[in-house]
Structure formats: C-alpha cells, structure tokens
Amino acid sequence: MSMNCYSLFTSVDGEPTSRDLELRITDDMRLVWGKDPVRDARPLAEVIQIRLWAEKPKIADPAGRALIKFTDGMSVKVSGAFATGAPDTIRARTYLEFLRHLHRCLAPGHKRNIRFLRGTANGSPAKGWTVFAVSAGIDVALFVFLWMNMRADAQWFVRPGLIIFALLGLVAAASFGQATYGRRYDPDRIPTDLTPS
C-alpha cells in the first residue's frame, strides 16, 4: 500500500465489491476509489455529508464504518472490517488513517457546508425520535408495572433503586435515539468511540 493509498472494503451506491478498493486522495483533491478517474472519483468539494458509526460484534472489537455522500447523490461506504463484517486490527488502523487524512484534506471553508454525523447509516431525525419514543415507552411501562406490583413490605432500598433504574433507562433511550438520529461531530476531533484503532 503506497502512502495516502488505503486498501479498505468499500461499497459504492450500496453495491458491495468482491474485493478491497484502493482509496486515495489526489493532489487536485479528488477521492478516487477505482481505475476510472472520472467514473470512480469525486471532488472533495462535492462532499455534503460524512456519517460515522461503529458496529460491535459480540466477540470482537468494534468495526468502524463511514458513509460519504456527494452532491450528485453518489455515496461511498468505507469499512474498517473484512467483507464478512469481521473486524481486524490492521484494517481498523488503515481505516482510522484514511478518516484522518480525509478530514485533513477538506477545505476549512467547505467544512461548514458538510454535515458531519455520527450514528447508523440509515439514521434520520424521524427514526431517532421513533427509537427514543419506543424505548422510553417500554422503560416507563416497565417502571409503572413494577411500581404497581411492588409488595407493601419491600425493603427500603427497592423504591429508590427502581426510580434510579427507570432514570437510567430514559438516559439509555435518549442515547439510542441520538445514535439513530445522527448527532453532529466536530470534524477536527473525530470521535474516538467511532474510530477503533
């Protein structure tokens, strides 16, 4: 792998490839992912959104993902994992180096026009609020059920413990909602929880 050339599993417009693609940023500030410099490339000035998230398999480190969208509707999804989704330390490091290089190459004036989001690839405000409402509803319903069915002779710490449990559930619901909604992040400080190294 040459300098500033990153071999990563990449899909373009949702079409996964059968092998890794060589991603690079050219001197004229174009993101290139294939052999055709016109069809398989876009100027960084046309980036309108970068969304980061990390998927955590059950028995492995998180695998970072990035979705880059351009003004013409083209999207490039880059993964720090194998095509199977299994994470790998070397790929994770390559992915992180690519992200840092990409963010450094974006013009400061252009950064103001890009939406830098964190959260799942298909997230949206409507989905975020829906996830929050459903999660919070389940939390409140469980709290009410346990509170109403609590024995009169329950230990003194049960009621405060149940209230704390319910409040933590609401915090978790808000967190799930934010992850789906797509909170913004600072492009000069890429979130470490979304960039496993």
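The values are calculated or read from the model by the stated rules, or taken from the named source; none is laboratory data. Owing to the predicted nature of the structure, the values given are computational and were not obtained by experimental measurement. As a convention, Cβ positions derive from the backbone with ideal geometry for all residues, glycine included, and neighbour counts pool all protein chains shown. Note: areas computed on protein heavy atoms with side chains; ligands, DNA, RNA excluded. Shrake-Rupley method; radii C 1.70, N 1.55, O 1.52, S 1.80 Å.
What does the charge count around Cys5 come to, taking other residues whose C-beta lies under 12 Å from its C-beta (Lys +1, Arg +1, Asp -1, Glu -1)?
-2
Give me the percent of accessible area attributable to carbon and sulfur for segment 59-175, probe 1.4 angstrom.
Accessible surface attributable to carbon and sulfur in segment 59-175 totals 67 percent.
Given a Förster radius of 45 Å and the C-beta distance between Arg104 and Ala172 as r, what FRET efficiency does 1/(1 + (r/R0)^6) yield to the nearest 0.05?
Efficiency computed from Cβ-Cβ geometry: 0.85.
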